[in-house]
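Below is one structure, written out as structure tokens, with a few remarks after it.
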Amino acid sequence: MRPAETLAPGFPDLSQLAVARPLHWRRWLAAAAILLVLAAIVRAFAYGQIEWSYVQRFLTAPAILTGIVNTVVMALLAMALGIVLGVAVAIMRLSPNPVLTSVAAFYAWLFRGTPLILQLLLWFNLALVFPTIGIPGLWSARAVDVMTPFLSALLGLGINQGAYTSEVIRAGILSVDAGQYEAAQAIGMGRLRALTRIVLPQAMRVVIPPLGNEFIGLVKATSLASVVQYPEVLHNAENIYYANSRVIELLIVAGLWYLAVVSILTPLQMLLERRFARGVMQIAK
Amino acid sequence: MTKPLVAIRSVSKSFGEFSALKQVSLDVWTGEVLCLIGASGSGKTTLLRCVNQLTAIDSGGIWLDGELLGVREKDGRLHRLAEREIARQRLKTGMVFQRFNLFPHKTALDNIIEGPVQVQRRAADEARSEAQELLRRVGLSAKADWYPAQLSGGQQQRVAIARALAMKPMLMLFDEPTSALDPELVGEVLAVMKELAQSGMTMMVVTHELGFAREVADRVVYMDHGAIVEQGSASEVLGAPREARTKAFLSAVI
């Protein structure tokens, strides 16, 4: 028998040889083809009937700037309302009380089942159903005065968002191990405290990426609020092109602003994700 | 005549068709270390979970420190207690889980002070210094600011024991505390439990560690098919079992 330390002959030492770079000519070909197509598209736009000077001029026009501020304000407020409603409805949906569960399910069914634009129009036209609204004996007002474009848009977008958010939050809560809830109970916590202190903070980690998605969707959905005369950026861009007929230029202006807002949101989402990944990402880092 | 700390009387519990506990009665005395052994599905974990009401019993009664758990007797009928009341009763017991169940988003120290500060409303400073003392007791002073994911299984379980002790319970419940651990980590957890037993803590321990039972238990209870088959001192039950089923179980385990 051969001693274990001696190696069999016929296998040369390759450790000194350099590794040759492969040519990858297929990759070069594919890249060239794509760049050619892109160049053709850019060229078409550059020579198309677009007055780029108008785009530049209206990008910072006062009406457009107010519009984008209104868009962002509405998106933030509607998302806040949506999250508050979403958390409440998700907790209701998971409660042992059958009435709360059914009401929560009905809410999600109703507001996810009808078009957002229809809901916005209903809120705006609420005065047709209830000419006056208020608390009997305390306060009342004409619905036409209360249901301003701002409030109609906020209620329409926020309540609709709440229906979607509740499902996202519910998925997050369900993703947390049941043992966490038991451990919280074992140190004397009730259902609600266990949810807010132990389960929800862990659910946040799972919930933020889809909520980021929802928020990006909402930023763009604010453009629907133009049907209730809310002066968001697309509404104002439309008003300008009704006057000067520069349709495409103003649509490009609005589009650039939407892209800018959404681009700012992505790093913000990453910051939030890092915040709620405490304890989990420590080792993966 | 003194009363037992835990009195379990004719407790039954079914999960659908499966009856996990059949008319189980048992006393646990203050300062006693009681080990529950038996095959999986024998009802030992269910019995433990019934004592701190993570599982609600179907019939019978459990008294802890003289107080009937989970229900109130009124006009000849039993009324279930409100969740708040049940949460208050749970404070008398500390539970250690098979899978540790530490809160992953909190450091070791924050895991320990969560109950004292949030539930018992104790001052954070006081709770923190007590938590440091508990961490020292389980040999983890250096890990106070570490997250559970950064700790080994044995370290996590020791933090979990400290978390349960922080509530100053009169009874500690251990549900297979070493079953999820790598073999080389079992010893450190058992050592902490042994120290706890020697300090006079009343303990109910569901375990497969017969060596631990032999060394630490004042009484060993063997369960099978939802009933107590045999009980006695460790040397009696583990050394010279009377029942055929106990003998069969022990010869299968060892």
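Residues checked against (1) open to solvent by 70 Å² or more (accessible area, probe 1.4 Å); (2) in a helix (DSSP H, G or I); (3) over 16 Å from B:Leu34 (Cβ atoms); (4) of a type in the set (Ser, Thr, Tyr):
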position	(1), (2), (3), (4)
B:Thr178	no, no, yes, yes
B:Ala191	no, yes, yes, no
B:Leu196	no, yes, no, no
B:Lys247	yes, yes, yes, no
B:Ser251	yes, yes, yes, yes
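Conditions (1) in contact with a Pro (Cβ under 7 Å, 6 or more places away or on another chain); (2) more than 8 Å from chain A (Cβ to nearest Cβ); (3) farther than 21 Å from A:Glu182 by Cβ, marked per residue:
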{"residue": "B:Glu73", "(1), (2), (3)": "no, yes, yes"}
{"residue": "B:Arg80", "(1), (2), (3)": "no, yes, no"}
{"residue": "B:Arg90", "(1), (2), (3)": "no, no, no"}
{"residue": "B:Gly94", "(1), (2), (3)": "yes, no, no"}
{"residue": "B:Ala108", "(1), (2), (3)": "no, yes, no"}
{"residue": "B:Ala124", "(1), (2), (3)": "no, yes, yes"}
{"residue": "B:Pro148", "(1), (2), (3)": "yes, no, no"}
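Can we say A:Glu238 is within 24 Å of A:Val55 (Cβ to Cβ) and either touching a helix residue (DSSP H, G or I) at 6+ places or on another chain (Cβ under 9 Å) or within 14 Å of chain B (Cβ to nearest Cβ) (or both)? Yes; evaluated as a whole, the condition is true for this residue. A count restricted to segment B:93-116 and to residues that are in contact (Cβ under 8 Å) with a residue 60 or more places away in the chain, within 18 Å of A:Gly188 (Cα to Cα) and surrounded by fewer than 24 Cβ atoms within 10 Å (Cβ to Cβ) stands at 1. Kindly check whether there is at least one residue in segment A:198-216 that is of a type in the set (D, E, K, R) and within 13 Å of chain B (Cβ to nearest Cβ). The answer is yes, given that some residue of segment A:198-216 is of a type in the set (D, E, K, R) and within 13 Å of chain B (Cβ to nearest Cβ). Only a single item in (1) closer than 16 Å to B:Leu102 by Cβ; (2) within 12 Å of another protein chain (Cβ to nearest Cβ); (3) open to solvent by 10 Å² or more (accessible area, probe 1.4 Å) is not met by B:Arg158, and it is number (2). Residues of segment A:181-197 that are farther than 15 Å from A:Ala90 by Cα, open to solvent by less than 20 Å² (accessible area, probe 1.4 Å) and more than 7 Å from every other protein chain (Cβ to nearest Cβ): A:Ala184 alone. Is it true that A:Tyr164 is outside any helix (DSSP H, G or I) and away from chain B (no Cβ under 14 Å)? Here the answer is no, as A:Tyr164 does not meet what is asked. Here the helices (runs of 4 or more DSSP H) wholly within segment A:37-156 that include at least 1 residues being more than 30 Å from A:Leu192 (Cβ to Cβ) and open to solvent by 50 Å² or more (accessible area, probe 1.4 Å) are A:52-59, A:62-93, A:116-124, A:143-146.
Yes or no: segment B:54-61 includes at least one residue that is open to solvent by less than 40 Å² (accessible area, probe 1.4 Å), within 14 Å of another protein chain (Cβ to nearest Cβ), closer than 30 Å to B:Lys22 by Cα and not small (Gly, Ala, Ser). Scanning segment B:54-61 turns up at least one residue that is open to solvent by less than 40 Å² (accessible area, probe 1.4 Å), within 14 Å of another protein chain (Cβ to nearest Cβ), closer than 30 Å to B:Lys22 by Cα and not small (Gly, Ala, Ser).
Those residues that are among the aliphatic types (A, V, I, L, M) and either touching a helix residue (DSSP H, G or I) at 6+ places or on another chain (Cβ under 7 Å) or open to solvent by 80 Å² or more (accessible area, probe 1.4 Å) (or both), I need them from segment B:234-243; list them, please. Within segment B:234-243, B:Ala234, B:Val237, B:Leu238 meet the criteria.
Residues that are open to solvent by 40 Å² or more (accessible area, probe 1.4 Å), in a helix (DSSP H, G or I) and charged (D, E, K, R) do not occur anywhere in segment B:218-233.
The values are calculated or read from the model by the stated rules, or taken from the named source; none is laboratory data. Because the structure is predicted, anything quoted here is derived from the model rather than measured. So basically every Cβ, Gly included, is an ideal-geometry build from the backbone, and we count neighbours across all protein chains shown. Please note that ligands, DNA and RNA were not included when accessible areas were found on the heavy atoms of the full protein model with its side chains. Shrake-Rupley method; radii C 1.70, N 1.55, O 1.52, S 1.80 Å.
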